[in-house]
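Report on one structure; see the data block that follows.
The values are calculated or read from the model by the stated rules, or taken from the named source; none is laboratory data. Quick caveat, the model's predicted, so the values are computed rather than measured. With ideal geometry, Cβ positions are generated from the backbone for all residues, glycine too; neighbour counts draw on all protein chains shown. For accessibility, only protein heavy atoms count, side chains too; no ligands or nucleic acids. Shrake-Rupley method; radii C 1.70, N 1.55, O 1.52, S 1.80 Å.
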Amino acid sequence: MSELVARTGRLQQRYENGYRLIAGCIPFRYRNAEEDGDGNSEKIIEVLMINSTSGPGLLFPKGGWENDETAEEAAVREAMEEAGVRGDLVHFLGCYPFKSKTLQDEYSPEGLCRAAMYALHVKEELNSWPEKSRRERSWLTVPEAIESCRHAWMREALENGFSNWYADGMIPTLPRKGFPNSSSNQH
C-alpha cells in the first residue's frame, strides 16, 4: 500500500470561461541505443504512457488543476499519482483544448477542457504510487507513442509540442527545481 494519496473530487477544481483547466505532462527519459563498431551510441528518447482506466489506448498523466497549486505543480502531482514518476518539468508544450465525455459538470456542462502540457524529464520511478493498482506504465519511442495515443489532443501535444521541442534541441525553458536562476547557483 502506498503512503502517497491521490487527490480526489472537484471542490478545488479551476475553471475559466466554461473550460475545466487540466494540467499534464509527457514524461520522458534518454536511453542509449546499441553501440556501433566504433563504441558510439545514440541516445534514444522514450516517453512514458499509462493505460486508460476507461477504455483502450494509452495516455499521458493529466488531471484537474486545483485552486491551491500552479499548473506546473498540478502536472508534477499528476505524474506521481497516475504514473508513479518524479522528475523535472523542463518545457511548456502548450495548451490543448478538448471535449470530455466524462468530465461534464455544472461549471462545464459541455465537458470543455483546456490542458496545459509540459515535458517532464523523469529522474525517479516509484515502486509504489497512488494509482498503481489501476495503472500500467509503458515506455515507448515517440513513433510508438503516436500510434498508441488514445486522444487526438494528446497526440497533437506529442507530435507538435514535444516533437518540435525535440527538433529544436530540447533546450530547457523552465527553471530547474531548487535553482531559480543560474546566477544564484555559481560557486
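Of note:
- Residues of the stretch 141-158 that are without any contact (Cβ under 8 Å) to a residue 40 or more places away in the chain and open to solvent by 80 Å² or more (accessible area, probe 1.4 Å): Pro143, Glu144, Glu147.
- For the stretch 41-91, the candidate set comprises residues that are of a type in the set (Asp, Glu) and in contact with a Lys or Arg (Cβ under 8 Å, 6 or more places away or on another chain); within that set, the residue that is farthest from Leu120 (Cα to Cα) is Glu66.
Per-residue answers, yes or no, for (1) at pLDDT below 95; (2) open to solvent by less than 80 Å² (accessible area, probe 1.4 Å); (3) out of contact with any helix residue (DSSP H, G or I) (no Cβ under 7 Å at 6 or more places or on another chain); (4) in a helix (DSSP H, G or I):
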| residue | (1), (2), (3), (4) |
| --- | --- |
| Tyr96 | no, yes, no, no |
| Lys101 | yes, no, yes, no |
| Ala119 | no, yes, no, no |
| Trp129 | yes, yes, no, no |
| Trp139 | no, yes, yes, no |
| Ser163 | yes, yes, no, yes |
| Met170 | yes, yes, yes, no |
